[in-house]
Amino acid sequence: MRIVVGHLYPDYLNIYADRGNIAVLAERARVRGHELDVRAIGMHDDVPEVDLFYVGGGQDREQALVAEDLAGKAEVLHAAVADGAAVLAVCGGYQLLGRSYRDLSGAELPGVGLLPLRTVAGKRRMIGDVLLDCAWAGETLAGFENHAGRTSLEAGAEPLGRVVSGFGNDGESGYEGCRAGRVYGTYLHGPLLPRNPWFADRLLMEALAHAGVEVELTPLADELEHAAHTVSAARARARGGR
Amino acid sequence: MRLPIPLALEAAALRSAGALSRIAGRGGGTTLPGKLLWKLDPGAIELLARRLERGSVLVSATNGKTTTSAMVAEILRPSVRVAHNASGANLVSGVASTLLERNGAELGLFEVDEAALPEVVRRVRPRALLLGNLFRDQLDRYGELEIVAARWCEAVASLPETCLVLNGDDPQIGNLARPGALVFGLDDPRQARPALQHAADSTHCVRCGTPYDYAAAYVGHLGDYRCPSCGHARPPLALAARDIELNGLDGAAFTLATPAGDTHVELTLPGLYNVYNALAAAALALALEVPLDGITAGLHRFAAVFGRFERIAVGDRRLLMLLIKNPAGANEAVRTLVEGAAPRVAVVALNDAIADGRDVSWIWDVDFEPLLAGLESLVATGTRAAELALRFAYGGLARERIEVVPSLEQALDRGLELTPAGGELTLLPTYTAMLALRKVVADRGHVANYWVTAP
């Protein structure tokens, strides 16, 4: 089966190893007999029919450069998500999927509004290893965060996980990320998917479902993945960060 | 100017602290005296710097500052007594230690950490400032590139009398050019990359945000750029490297074009990034009024600085060590290796201490893929060995070719075991892994510890 991935603004939002996440999705699809067809969606581009959208992180400057263009794509993105397309947004991309982002000067960048949250830039950067408990999936996520934005979820919004160690959305709430159906946003880069293969497989299954196949993916041995997860989780536990 | 007595006493006491630290085997003792001085009396650094009768020059960049300043030191060696922080201790404390240790120096030559530059500038007030490049590096420590660039901009504005020596090929640095600045860059489109690399950072106009058009992109975002919208472009080059020849791992050569004439330069170091380093060193030396033949002679004498690129004999095998510390630098190390003879066995070491960057995500932004075709065995080592192994596995290296050996010493031995007699083992370590590997090799009697080789 061919899975179409729409990589939004790869030339602007690519600061934290975002292509590592894509490489993991491609390889894990390939060994199960599927093919990942990754298409770059840039400034002023039309949004094609896609099974999984990916939005990475950028520096403030790049983020500001794409925000308006992305907001202009909001309608078609909302339609795609309503149709069952999955979305993974990391760091800056996560912020832009919310309702708005206010930078330090007070200027407000428009958001896509796919996730019920708002972000306000803070002075203090929240940097370090993170470990999340994702009870909804019975799994954990290990990653690294580096953000000055403080993200607040609206009442009733589902976080991606509970913070075991690290700062999370705002350093206070004890939660990190946000999920709404098949739309996931998180500050965890590092990158996220190599050391959290269950999450990569979940995204692939959801993308496959959108492409028209409901399948369970064959489990892989994932020894290196688990070893990397263990080290990363131990870093988070040892360093705390909060 | 003589030191006031209390400062002289302080200096003597602190120098002994460094010697004691070295005797006690606690590393090189390269920054301990400076740290003490910085704590005891921050203003003392200014006094010590003011004693240098020919003033100070600073060298900062994300990549190449150690190599570039070592080249400058070699160029100056016959004519000037230089205080140079050759061991790479490049924070304020390292500069202070060097000032303490080098009694009788005439000129200060300091490589300076990108983030420490504003503070060092404030204390040392350099007569010349060389800015080489800005790449994304350890975002967990330095923050975003734009923040470092903005601080550099302020530091430069605070030095109206200082001679600026700037790499015009980097848009962030070219943008700092002002009348009297000495701007250098490459002028050889044959050496350009077919496309901008993934690790290119400043690819959008620093003034208006439009993507630059590149007539030539050499290393990352370094090249001959022009903004199609507002016209911001690489400033005119006062010094240029032309007719560049890259001879694999054996070296490089180029024509150095300067206002004082053209000359041919041969380097024992390989790769385009070392052409940049040599060109930068030549520009700074020119700003210090070294004659052209003195510059070329110095560059010819120059030998590899520790670890950035060196070969070490270990019994009947050789080690080839290249430091990797950020995507742009690692890409050039990979390119140089592949243009020589791509290694069959490699030990790649990823540590996540503060000096390496606690965030290891940068390995996913390195183009390691050109290495994979020729690679028969990869030993992944260091504190984040498994993460590194994943990088190569998802890059396309078959998992049965990858061994994970977290202990650096055991990984080195495994790599040597996999290397045929008479062969060469390639080591690609991050900073603290490089220091640890060098220590292992030195403890076995193969190479001097780095502070012993520092002049």
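Quick note: the coordinates plus some simple rules give every number you see, no bench work behind them. Note that this is a predicted model, so its numbers are computed, not measured. Heads up, the Cβs are rebuilt from the backbone with ideal geometry, glycines too, and the neighbour counts pull from every protein chain shown.
Computed from label points 7 Å out along Cα-Cβ, the spacing between B:Cys230 and A:Glu68 is 1.4 nm.
For the modelled label position 7 Å from the Cα of B:Asp367 along Cα-to-Cβ, which residues of segment B:383-408 have backbone nitrogen atoms closer than 19 Å? Flagged as within label range: B:391-397. Secondary structure note: in the protein assembly as shown, about 45% of the DSSP beta bridges are antiparallel. Of all DSSP bridge pairs formed entirely within chain B, close to 40 percent run antiparallel.
Partner shielding of B:381-394 amounts to 6, given as the average count of beta-carbon atoms from other chains within 10 Å of each residue beta-carbon. Per-residue Cβ neighbour counts within 10 Å put B:Asp262, A:Asp222 in the sequence B:Asp262, A:Asp222, beginning with the fewest. Counting only DSSP beta bridges with both residues in segment B:52-301, tell me the antiparallel percent, nearest 5. Roughly 50 percent of the DSSP beta bridges within segment B:52-301 come out antiparallel.
Working from label points 7 Å from Cα in the Cα-to-Cβ sense, the A:Ala107 to A:Asp46 distance is 3.1 nm. For segment A:31-37, putting each phi into the Karplus relation 6.51 cos²θ - 1.76 cosθ + 1.60 with θ = phi - 60° gives couplings of 5, 9, x, 10, 10, 8, 10 Hz, in residue order, rounded to whole numbers and with x for Gly and Pro. Taking the inverse of the mean 1/r over every pair of distinct Cα atoms in segment A:95-192 gives a Kirkwood hydrodynamic radius of 13.3 Å. Working from the Cα coordinates of the protein assembly as shown, the gyration tensor eigenvalues give, after taking √(5λ), semi-axes of 43, 28, 26 Å in decreasing order.
Taking amide H atoms as placed 1.01 Å from N in the peptide plane, the amide H of B:Gly108 lies under 5 Å from those of B:Gly55, B:Ser56, B:Val57, B:Ala83, each 5 or more residues away in sequence or on another chain. Shape analysis of segment B:52-301 yields a ratio of the Cα radius of gyration to the Kirkwood radius, Rg/Rh, of 0.94. Across segment B:342-351, coupling constants 3J(HN,Hα) worked out from phi with the 6.51/-1.76/1.60 Karplus curve, θ = phi - 60°, read 4, x, 8, 10, 9, 10, 10, 10, 10, 9 Hz, and Gly and Pro carry x.
Using the reciprocal of the averaged 1/r over all distinct C-alpha pairs, how large is the Kirkwood radius of segment B:310-453 in Å? Evaluated over segment B:310-453, this radius sits at 15.0 Å.
A simple spin-label model places pseudo-atoms 7 Å from Cα toward Cβ; at B:Val80 and B:Arg344 they are separated by 4.8 nm.
Working ranking of peptides B:285-292, B:414-421, A:204-211 by packing, defined as the average number of other Cβ atoms within 10 Å per residue, highest first, is A:204-211, B:285-292, B:414-421. Each stretch of four or more DSSP H residues adds -39500 (n - 2.57); spread over every residue of chain A, this sum gives -9500 deg cm²/dmol at 222 nm. Over all pairs of different C-alpha atoms, chain B has a mean inverse distance whose reciprocal, the Kirkwood radius, equals 22.5 Å.
For the residues of A:226-234, the average number of beta carbons from a partner chain within 10 Å of their own beta carbon is 4. Calculated mean residue ellipticity at 222 nm for chain B: -11000 deg cm²/dmol, from DSSP H runs with n ≥ 4 weighted as -39500 (n - 2.57), summed, divided by the residue count and rounded to 500. Judged by a Cβ-Cβ distance under 4.7 Å, the unpaired cysteines of chain B are B:Cys153, B:Cys163. Listed values for segment A:186-194 are Karplus-derived 3J(HN,Hα) couplings in whole Hz (6.51 cos²θ - 1.76 cosθ + 1.60, θ = phi - 60°), namely 7, 8, 6, 10, x, x, 6, 6, x, and x replaces Gly and Pro.
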